[in-house]
Structures are given as structure tokens and as C-alpha cells.
Amino acid sequence: MTNYRPPIYKKSPYLPFGDQRNAPFYGKDILSVKQFSRSDLDYIFAVAHEMREMVERVGTFDLLKGKILANLFYEPSTRTSSSFTSAMERLGGSVIPINEVRYSSVSKGESLPDTVRTLECYTDVIVLRHPDVGASAQAAKYARKPIINAGDGVGEHPTQALLDLFTIVEELGQVDGLTVTMLGDLKFGRTVHSLARLLSLYDIRLNYVSPEILRMPEEIIRELNDQSISQNEYDHLDRALPETDVLYVTRVQKERFENLADYEAVKGAYVISLQTLEAAKNRMIVMHPLPRVGEISMDVDDDPRAAYFRQMEYGLYVRMALLAMVLGKS
Ligand code: NCD
């Protein structure tokens, strides 16, 4: 890592304060990180940075006044659902929250396409979290309004990857040249699947540290190999840590295991403590999509390298940017 340089964002002709209908994301679904190019990311982060400044200056503003978002969550969520709600409300819009699908017609057996076709009658955009890989893409096939994938099973979590990358840019000033080490459940963790793919747009080195049964899926390793990304796998953190600029820690995804004994065998495989950080660079950052369930001990929280709480806040700005871009101002 070279010395910190503050990020420089290219000014975009599309900052969302005029009519957005010709802007690149207007009316589009956000389903996978595969849909983004590097210039898309520059654009999204420039808007997100603008959102940060606006929130710090004025708190809320009326960019999306009158627009309505449906938050449709078939799986638990704290950060993703509430940051989308906050993002929409800070932009002057409103939200229909369906966080407990068991109290909706889903519990009567309604299909995903029908639920989505219902909600789009009342709203302008649908944020969907679902346990099945590909659910958002399926919903998007039936919906006329934009669908934003907020996690499809073990598949992808594109808005999380965008906020993860924005965190790296804001904290370290650059992405090219960094070594990113992903630790924990790389098999079932959808956030690392999306983030690894997004990072492959940069000149990056990736380390994967996991128990044998939770290795990064072959499909993703192959995809990144085809893009000549340097990838190394380890079962211990020791060898990867000293060269690491970003340590991305994940929770072992208990809910995805078929056999609870397998979960019990690996759940405490890695715990980051202050002592662990002794071997790390002073300018390394520790990230985690959260929730944590013991992978990072609380004594790390006060270390300046602990970026996971700041990371949550960056999520608000990225989601504001996405909503502003998708819904535009008409
Ligand atoms: C993640 C998720 O839902 O995939 N959480 C989040 O959105 N911040 C990570 C996790 O649940 O472990």
C-alpha cells in the first residue's frame, strides 16, 4: 500500500439533481455486480460521496418526494432493510416495509411473481431479499418496475459489494494495488461472492482464508482466473495477514448448513482480536458486512483499523445514490 491519498471522484454530468431519464441506471434493475463497469463504479461513488456531503450538511432533501419503495424481505435483515428505508426517507420518499413475509399473502402460498406484480402496483421500486439464488432475476422477469437484489440466498448481494468497495475507496483512497484478504465462510457468504467479482475490475490481489469445507466456490475462482486476478487460498490467516491492506471478515452462515454438526465444527475457526492485529499493517482496515457472531472480538472495536461500523454508514450513502439513480427525478 502506498500512502493514503483522498479519493478523487470524476465529476459526473449525471449527478442526480436534474432530469435523470437519460442517465445510465434510470429504470434499471440492480441484480448482480456483473452488470457494472469501472466507469459505472466511478459514477456511483461520485454520487454516493455527494450524498454523504448532503446528509452531513442538511440531513434530508426532497429528491425523491412522492416516490415509494417496497422493502420485501423473505430473510432476516437489520442493516440492509433499515438502510434502504433510511435512504429512501432521507431523499423525501416513503417505504412499504414487508419484513415479515409470513404476515403477508406469501404465507397463503402466493408466488414470488404474483407478490412482485402486486407490490409494483403501489410502488416505484422493489428491494428484494430471498433465500433462493436467482430470485431477484426471476422477479425482474415479471416486474415492470426496477428490482434491487438485497441478497439472493448464497448467490449475490450487489448493493453490499458496492458499499464495501465504497468503504475501501473512502478509507484508503484507492483500490488498485491493494491486497484484500477474505476470511471465514467463503462458500455460503454471498457478500464475498459479489465483492470478489467487483474487485476483479481492479488491479488487486485476493487471499481466501477459510476452513476446507467453506472454500470460495470454484466457479468464482475460475471466473477471476480468466481475468488474471492473483488469488491464493490458505487455511490459516498467519501467512496472508502481514501483506493485507483490507481484511474482510465474515460470519459462518449457520442457516445455510444442512448438517448442524458441520457448523459446530467450523463456527469458531477464526477470531480476530487485538493480538491478531499485531502482525497487521498500521494502515490495514478490518471490514465485516455484519452481523458478527464472535469472529471479531469487541476489543478490536476501538482500534482505528476497525472500519466495520463506518462501513455500515457508507451503506446509507451508496443506497441513496442507487435509489436516486434508479428512480431519477422526473
Ligand atoms: C450479510 C448478508 O445478509 O448476506 N448481511 C448484510 O446484509 N449486512 C452478511 C451476513 O448475514 O452474514
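Taken together, the values in this text are just the output of simple stated rules run on the coordinates, not laboratory data. Because the structure is predicted, anything quoted here is derived from the model rather than measured. So basically every Cβ, Gly included, is an ideal-geometry build from the backbone, and we count neighbours across all protein chains shown.
Taking only C-alpha pairs under 8 Å that are 6+ residues apart, what is the relative contact order of the chain in percent?
RCO, the chain: 22 percent.
For n ≥ 4 DSSP H runs only, could you compute -39500 (n - 2.57) per run for the chain, divide by its residues and tell me the 222 nm figure to the nearest 500?
When only DSSP H runs of four or more count, the value is -11000 deg cm²/dmol.
Counting only other residues whose beta carbon sits under 12 Å from that of Val300, what net charge do I get with K and R as +1, D and E as -1?
With Lys, Arg at +1 and Asp, Glu at -1, the net is -4.
Exposure proxy check: Val133, Val209, Val293, Val252 ranked by fewest other beta carbons within 10 Å?
Working: Val133 14, Val209 28, Val293 11, Val252 25.
Listed from fewest to most nearby Cβ atoms, that is Val293, Val133, Val252, Val209.
Select from the stretch 247-330 those trypsin sites (Lys or Arg not before Pro) which occupy a DSSP coil region and have at most 14 other Cβ atoms within 10 Å, ordered by residue number. Intermediate values should be presented prior to the final figure.
Numbers: sites: Arg251, Lys254, Arg256, Lys267, Lys281, Arg283, Arg292, Arg305, Arg310, Arg319, Lys329; in loops: Arg251, Lys267, Lys281, Arg283, Arg292, Arg305, Lys329.
Answer by residue number: Arg283.
On full extension of the chain, what length is gained from Tyr9 through Glu218, given 0.36 nm per residue of separation minus the C-alpha to C-alpha distance?
Extending this stretch completely gives an extra 71.8 nm.
Multiply the residue separation of Val58 and Asn259 by 0.36 nm, subtract the distance between their alpha-carbon atoms, and state the gained length in nm to one decimal.
67.4 nm
Please compute the length gained on full extension between Gln275 and Asp301, using 0.36 nm multiplied by the number of residues separating them and subtracting their Cα-Cα distance.
Net length gain for the segment: 8.1 nm.
Springs between alpha-carbon atoms under 10 Å, Gaussian network over the chain: tell me which of Glu120, Glu170, Glu258 tops the mean-square fluctuations.
Fluctuation is largest for Glu258.
Any idea what diffusion coefficient the stretch 74-137 gets from Stokes-Einstein, in µm²/s, Kirkwood Rh on alpha carbon pairs, 37 °C, 0.692 mPa s?
The diffusion coefficient I find is 258 µm²/s.
Label 7 Å along Cα→Cβ of Arg283; the stretch 136-180 residues with amide nitrogen under 16 Å?
168-180
Taking +1 at the Cβ of each Lys and Arg and -1 at the Cβ of each Asp and Glu, which of Cys121, Gly268, Val154 sits farthest along the dipole of the chain towards its positive end, judged by Cα position relative to the Cα centre?
The one lying farthest along the dipole's positive direction is Cys121.
Let's see if you can work this out: charge +1 on each Lys and Arg Cβ, -1 on each Asp and Glu Cβ, no other charges. What is the dipole magnitude of the stretch 94-218 about its Cα centre, in debye to the nearest 20?
So the dipole magnitude of the stretch 94-218 works out to roughly 400 debye.
Is the stretch 46-188 rounded, prolate or oblate when judged by the Cα gyration tensor, a ≥ b ≥ c being the square roots of its eigenvalues, rounded requiring a/c under 1.5 and prolate requiring a/b larger than b/c?
Oblate is the answer for the stretch 46-188, as a/c is 1.5 or above yet b/c matches or exceeds a/b.
Can you put Glu50, Glu110, Glu100 in order of Cβ neighbours within 10 angstrom, beginning with the fewest?
By the 10 Å Cβ count, ascending: Glu100, Glu110, Glu50.
Relative to the longest principal Cα axis of the chain, at what angle does helix 38-58 sit, 0 to 90 degrees, rounded to 10?
70 degrees
DSSP loop trypsin sites (Lys or Arg not before Pro) in the stretch 24-94 with at most 14 other Cβ atoms within 10 Å of their Cβ, which ones?
Hits after loop and neighbour filter: Lys65.
Angle check, please: helix 308-327 long axis (alpha carbons) against the longest principal axis of the chain (alpha carbons), in degrees 0 to 90, nearest 10.
Helix 308-327 and the main axis of the chain meet at about 30 degrees.
For the stretch 263-330, what does the equivalent ellipsoid look like in terms of its semi-axes, each the square root of 5 times an eigenvalue of the Cα gyration tensor, given largest first in whole Å?
Details: eigenvalues 199, 54, 14 Å².
Rounded to whole Å, the semi-axes are 32, 16, 8.
How would Ser194, Ser81 line up from fewest to most surrounding beta-carbon atoms within 10 angstrom? Could you put the intermediate results ahead of the total?
On the way: Ser194 26, Ser81 21.
Fewest to most other Cβ atoms nearby, the residues stand as Ser81, Ser194.
Find the percent of Cα-Cα distances in the chain that exceed 30 Å, and round it to a whole number.
The calculated P(r) of the chain puts 34 percent of pairs beyond 30 Å.
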